[in-house]
Amino acid sequence: MSARYDCADTQQREDGLVAATSAVQEGQLVVLPTDTVYGIGADAFTPAAVTALLAAKGRGRNMPPPVLVGSVRAAAALTETLGPYGQDLIDEFWPGPLTLVFRSSPTLHWDLGDTLGTVAVRMPLHPVALDLLRRTGPMAVSSANLHSEPAATSADEAQRQLGDSVSVYLDGGQCADNVPSTILDLTGTVPRMLRAGAISVDALRKVVPVIDLPANPAIVEEEMSPADRRAAESIAAASAAAAAAVEPAEPADADPIADQGPGA
């Protein structure tokens, strides 16, 4: 049976962190609050725990979870290299809602699923999450919801969806918003946005001048949560703005109405 702790209470917070740390070390699952939405987490270096995490969400190995860390040093240890932009992005946006995808260190003994040699890493800006991560080390963490269901923004929502598949629930109150983290892939020559989110393209471009914005979202429309749909719309808007900035001006006799979209 699951245990739940109210982290607004000082004693329950400490008891919950102790219980959650033990659970993670024993290969069990925990739910924790983050600065975006609630996450379901497991020890990143225990393959059976990661498999249980994916099973609890109803996901396969083709959707490996990101890894949350409690320090920049821990993140660097997971990667082959931070590349030319990684450290600057970390300095500017961590801890916070920016997930960075790197080539993973070839010396790591873990199995997050079909990662193709990469790892998505984030350091969340939430005191409970950071405290837990500094006790456990890197954790594989995905949004605390069943696949295709809305991401949980409260411990109640997470527990309703995940039930007793989770050993410990850390209740950090209602999330301020359900906007997901921005995901930026740094494994190529040009950083590529995989998901728009809480960190805007304009903010990222102050650190990384050139960003590849995919024309089409990777998630099928009917499978999107409201947060992912807003993120996809943000990518589309940013892509359109970038394209408009480099398109030549229309000739003077062009029809100003012909290319306008619906509602014009």
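The values are calculated or read from the model by the stated rules, or taken from the named source; none is laboratory data. Just so it is clear, the structure is predicted and the values come from calculations on it, not from any experiment. Glycine also receives a Cβ, built like all others from the backbone with ideal geometry; neighbour counts cover every protein chain displayed.
Details
This table checks each residue for (1) out of contact with any Ser or Thr (no Cβ under 7 Å at 6 or more places or on another chain); (2) free of Cβ contacts under 8 Å to residues at least 40 places away in the same chain; (3) in a loop (DSSP other than H, G, I, E, B).
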position	(1), (2), (3)
Pro65	no, no, yes
Thr81	yes, yes, yes
Pro84	yes, yes, no
Gln87	yes, yes, no
Ile90	yes, yes, no
Pro95	yes, no, yes
Arg103	no, no, no
His109	yes, no, yes
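- Matching residues in the range 67-79 - criterion: being farther than 12 Å from Ser142 by Cβ, of a type in the set (A, V, I, L, M) and outside any loop (DSSP other than H, G, I, E, B): Val72, Ala74, Ala75, Ala76, Ala77, Leu78
- Residues in the range 68-94 that are under 18 Å from Gly117 (Cα atoms) and not hydrophobic (A, V, I, L, M, F, W, C): 5 in all.
- None of Gln161, Gln174 is part of a loop (DSSP other than H, G, I, E, B) and at pLDDT 95 or above except Gln174.
- Condition met for Ser148 (modelled with pLDDT under 95 and closer than 24 Å to Leu116 by Cα): yes
- Single condition Asp15 does not satisfy, out of (1) acidic (Asp, Glu); (2) touching a strand residue (DSSP E or B) at 6+ places or on another chain (Cβ under 7 Å); (3) in contact (Cβ under 8 Å) with a residue 40 or more places away in the chain: (3)
- Looking across Asp131, Asp111, one residue alone is touching a Gly at 6+ places or on another chain (Cβ under 9 Å) and surrounded by fewer than 21 Cβ atoms within 10 Å (Cβ to Cβ). It is Asp131.
- Scanning the range 159-194 for residues that are touching a residue at least 40 places away in the same chain (Cβ under 8 Å), surrounded by fewer than 22 Cβ atoms within 10 Å (Cβ to Cβ) and of a type in the set (D, E, K, R) gives Asp164, Asp177, Asp185.
- Residues being under 27 Å from Arg205 (Cα atoms) and free of Cβ contacts under 8 Å to residues at least 24 places away in the same chain are entirely absent from the range 130-152.
- Residues of the range 122-156 satisfying the condition of being of a type in the set (A, V, I, L, M) and more than 20 Å from Ala52 (Cα to Cα): Met123, Leu125, Val128, Ala129, Leu130
- Every residue from the range 161-192 that is touching a Pro at 6+ places or on another chain (Cβ under 6 Å) and within 29 Å of Arg13 (Cα to Cα): Gly172, Ser181
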